[in-house]
1. So which pairs qualify, if the first residue must be in region A:1-23 and over 19 Å from B:Asn75 (Cβ atoms) and free of Cβ contacts under 8 Å to residues at least 40 places away in the same chain, the second must be assigned to a helix (DSSP H, G or I) and charged (D, E, K, R), the Cβ gap must be under 8 Å, and the two must be at least 6 apart or on different chains?
2. Say we look at region B:23-43 and pick out the residues that are part of a loop (DSSP other than H, G, I, E, B) and open to solvent by 50 Å² or more (accessible area, probe 1.4 Å); which of these is farthest from the other protein chains (Cβ to nearest Cβ)?
3. Counting just the residues of region B:70-103 that are over 24 Å from B:Gln30 (Cβ atoms) and either among the hydrophobic types (A, V, I, L, M, F, W, C) or surrounded by 15 or more Cβ atoms within 10 Å (Cβ to Cβ) (or both), which one comes out nearest to the chain's Cα centre (by Cα)?
4. Which numbered condition trips up B:Asp47, out of (1) within 12 Å of chain A (Cβ to nearest Cβ); (2) surrounded by fewer than 16 Cβ atoms within 10 Å (Cβ to Cβ); (3) more than 13 Å from the chain's Cα centre (by Cα); (4) at pLDDT below 90?
5. Test each condition in (1) surrounded by 13 or more Cβ atoms within 10 Å (Cβ to Cβ); (2) of a type outside the set (S, T, N, Q); (3) under 23 Å from A:Pro16 (Cβ atoms) for B:Lys67 and report the one that comes out false.
6. Tally the residues that are in a helix (DSSP H, G or I) and open to solvent by 50 Å² or more (accessible area, probe 1.4 Å), restricting the search to region A:23-48.
7. What is the residue count in region A:198-232 for residues that are at pLDDT 95 or above and of a type in the set (S, T, N, Q)?
8. Would you confirm whether any residue within region A:65-88 is assigned to a helix (DSSP H, G or I), within 14 Å of chain B (Cβ to nearest Cβ) and open to solvent by less than 90 Å² (accessible area, probe 1.4 Å)?
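The values are calculated or read from the model by the stated rules, or taken from the named source; none is laboratory data. For clarity, every value in this text was computed on a predicted model and none was experimentally measured. All Cβ positions, even for glycine, are placed from backbone atoms using ideal geometry, and neighbour counts span all protein chains on display. The accessibility values were calculated without ligands, DNA or RNA, using every heavy atom of the protein model including side chains. Shrake-Rupley method; radii C 1.70, N 1.55, O 1.52, S 1.80 Å.
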Amino acid sequence: MQLLERYLQAVKFWLPKEQKEDIIAELSEDIHSQIDEKEAELGRKLNEPELESILKQRGRPILVANRYLPQEHLIGPVLFPIYRLVLKIVMLCYVVPWAVTWIALLIFNSGYAAKFVGHSWFEALGYLWASLWSNAFLAAGIVTLIFAILERVQRKNHFLEEWDPRKLPPVHNPHVISRFNSIVELAANMFFFVWWTAHMSSNVVLNQPNLRISLTPAWRYFFWGFLLVSFVNIGLAAVNLARPYWTARRATFRLVSDLAGSVLFCWLLKANILVEIAGASIPAAKALQLTAAINFWMAKMFPAAVIVGVVIAVVNIFRIVRVAAPQAHIPGERAAMA
Amino acid sequence: MSSENFDNLRLELRRGGLVLAVLAALHSEQYGYTLRKILADHRIEIDEGTLYPLLRRLESQGLLTSKWREEQKRNKRFYKLSAAGKQILEQLLTEWRTMDSSINSILKEYGHATSRAVLAGR
């Protein structure tokens, strides 16, 4: 019977203090009743393996005790879906960009990469892996802590139970293009088109008595390239304003136009486009230094521009896929598209 | 997967039924072990890890009363339905019968062939 005492002691350890004795007395009585019945059936005392089998069938002490404890949770069912969404957003918007930036720095920034000189790629990736996990755990820990606090507040105030159906967001239709966005896009591109034509057509972009800025002859490719992209964007924004819903063809046009803009911009950063900065008050050596510094920092921005370009392309591709995919009917969708 | 689904749904379905069965069996005074035997004799299997916490919960809600008493040279805790428990049991039984009758009526009208055959055999 020493085994039974040990079992009861193990269960007792996990029970709430004020109920320990009462629960253990009842549990002990129940097990003794079961043993008595078994012994009466066999006509003899139970041996050790038979008692062991009864206790095993009862379950692990912590699980037995757990059934007597009140149900507890760190984040309850009301807040859990929001918690999961916020966690996903934090991981996508913080940890993933952090890792992408770190890799980009390692590849494109020689100063940063110099830290890992003498280390293999494997070691560098090991460093990334360790930092990534510590960042991910920290971010997830902070989010969990905030939601655990919110859960306590929600349990007291029930603030999430108060809601107004009229404040629900309108039915989301991914095909619909906001007219406001189209107007802003149209106005911005028209302004850019006029300004670009008026001020940027020559490779001497600024010719004042006290300041002169000249670009390389290759500038004309960029000038016409950006002008063409802007022209296409004006056309696209005008069509989107008149017919405010995405079609596969228009979404593809947007992808091509954005890709062209991104490629041109990335190329511009690497083109050492600035030839000369001159001014009456700027010493020649200083002007030369300034020109070199601007070209240098433009080239440094290239990796960031590539990342932004890729993100824009991914968003556009996602839009094409979503527009092309057959969709279940959303109430009000046809009315919105009419 | 379907067996797992069945087990989960069966568990959900049984949960309310177990409370009814326990309350119904405690019209006469019982201690845990004999209560479990009575339920098992009526084809309601319930393990002690479910029964004892359930008894405590029902007692804390005022539906049962309990007292320790010596029987066969051992201290046992005897449970019995309280006055409030009797009232609640009646209300729950009415609810149960209404639900049973509603489900039968739905099955008669819209149920598939198997369900109709089951009902016909009742």
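1. Close Cβ pairs (under 8 Å, with a partner that is assigned to a helix (DSSP H, G or I) and charged (D, E, K, R)) do not exist here.
2. Within region B:23-43, the subset part of a loop (DSSP other than H, G, I, E, B) is B:26-29, B:42-43.
Among the residues that remain, those that are also open to solvent by 50 Å² or more (accessible area, probe 1.4 Å) are: B:27-29, B:42-43.
Details: B:His27: 21, B:Ser28: 18, B:Glu29: 15, B:His42: 18, B:Arg43: 19 Å.
Ranking the candidates gives B:His27 first.
3. B:Met99
4. Here B:Asp47 clears every test but (3).
5. (1)
6. Taking region A:23-48 and keeping what is in a helix (DSSP H, G or I), we get A:23-42, A:48.
Subset that is open to solvent by 50 Å² or more (accessible area, probe 1.4 Å): A:36-38, A:40-42, A:48.
Qualifying residue count for the region: 7.
7. Count: 1.
8. At the first step, the residues of region A:65-88 found to be assigned to a helix (DSSP H, G or I) are A:65-66, A:80-88.
With within 14 Å of chain B (Cβ to nearest Cβ) added as a condition, the list becomes A:65-66.
Okay, now just the ones that are also open to solvent by less than 90 Å² (accessible area, probe 1.4 Å), so A:65-66.
Taking every residue of region A:65-88 in turn, at least one turns out to be assigned to a helix (DSSP H, G or I), within 14 Å of chain B (Cβ to nearest Cβ) and open to solvent by less than 90 Å² (accessible area, probe 1.4 Å).
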